[in-house]
Amino acid sequence: MNRPTVLLDPTAELAPVARALSARPPSLDGKRVGILDISKARGNVFLDRVDELLAGRGITVMRYRKPTFTRPAPAVLVQQIAAEVDLVVEGLAD
């Protein structure tokens, strides 16, 4: 049975904004994948493994890190990521 995907926004919005999912690429071949570490303890352990698996498939991986998990990523970092990669994996914790 297919259940609908439910995404929860962790930013404490009182009235969550409906957001459509981004289109998934048919393949990761030739794509540059960014990995964003939000700076939670041990999140890098999971993301290191994701990096290893992607790189093992010949996918170009670029790593990024937020200064702190308590705030959104700085606009400069978001712009850098958008300019440098085709898609992003963001590692959350807890």
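Remarks
- Surface composition of region 16-94: carbon and sulfur atoms hold 55% of the protein heavy-atom accessible area at a 1.4 Å probe.
- Largest GNM mean-square fluctuation among V17, V50, V78, using the chain with Cα springs under 10 Å: V17.
- Per-residue Karplus couplings for region 69-85, computed as 6.51 cos²θ - 1.76 cosθ + 1.60 with θ equal to phi - 60°, are listed in order as 7, 7, 9, x, 4, x, 4, 4, 5, 4, 5, 4, 4, 4, 7, 9, 10 Hz, Gly and Pro entered as x.
- Built amide H within the under 5 Å cut-off of I35, gap 5+: M62, R63, Y64, V89
- Per residue value of the accessible surface for the chain (all protein chains in place, 1.4 Å probe), Å²: 80 Å²
The values are calculated or read from the model by the stated rules, or taken from the named source; none is laboratory data. The model shown is predicted, which means the values in this text are computed figures rather than measured ones. Surface accessibility is based on the protein's heavy atoms, side chains included, excluding ligands, DNA and RNA. Shrake-Rupley method; radii C 1.70, N 1.55, O 1.52, S 1.80 Å.
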